[in-house]
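Enquirer: Handing you this structure, nothing more for now.
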Amino acid sequence: MKKRFLIPAAGVLLAIGIIVFITQNPPKPPEVPQSTSDQLVLNTSTDPTLVFQKALWRRPAGDDKILHAERREWSEKGKDVREWQWFLAVQPSPGLSEWLQTNPFSLSPSTEPPKYKEAAPKPDWFPSDLAGFEILKAPQSRLVLIFSAKKNLLYAMDSGAGFAPPTPKLTN
């Protein structure tokens, strides 16, 4: 007779537990204090190999011709990077072009022009006229690849919240 009551009692307790779990407010993530832009220090790197590696998560091949590269990192004095942004211009080698055709970043074709951070304009060498270029964008981030097969030119850019150490601490 005791077993007849244990199963329904366990079911009732389980139902109550589920209801309590569902109705609880999810915990709010801790707020990250936002500092004003005048408290942030900008570090800029134009090391082509370093920017290429941070941008494309791989080392450039000997026949990848890096035309321009710039990585900007905003950090609080003595602290980790709060924001970053990079721009890259490359004449890709056949190997890099082949690798990018596998779509390693899950990019989608786009007709919209890239969006730039308001506080930091794009470099002068980054194209404004995108006629003849194929634009590929990441759906969940700000990664953009701009490619001209005719000119064999790849422009790329991305920006985001910081997680890497400031530029002076970066190593190969």
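Enquirer: Taking the Cα centre of segment 40-169 as origin, sum charge times position over the Cβ atoms of Lys and Arg (+1) and Asp and Glu (-1), and report the length of that vector in debye to the nearest 20.
Expert: Here the size comes out at about 220 debye.
Enquirer: Also, quick follow-up: List the pairs from Lys77/Lys115; Lys65/Lys122; Lys65/Lys151; Lys54/Lys79 whose alpha-carbon separation is above 25 Å, in the order I gave them. Please report the intermediate quantities before stating the final value.
Expert: Working: Lys77/Lys115 28 Å; Lys65/Lys122 21 Å; Lys65/Lys151 13 Å; Lys54/Lys79 19 Å.
Long pairs (Cα-Cα over 25 Å): Lys77/Lys115.
Enquirer: Next up: Can you tell me the Rg and Dmax of segment 40-169, counting just the alpha carbons, in angstroms?
Expert: When restricted to Cα atoms, segment 40-169 yields Rg and Dmax of 14.5, 45 Å.
Every number in this text was worked out from the coordinates using simple rules, so none of it is lab data. Predicted model, so just to flag it, every value in this text is computed and none were measured. Reconstructed Cβ throughout: ideal geometry from the backbone, glycine too, with neighbour counts over all protein chains shown.
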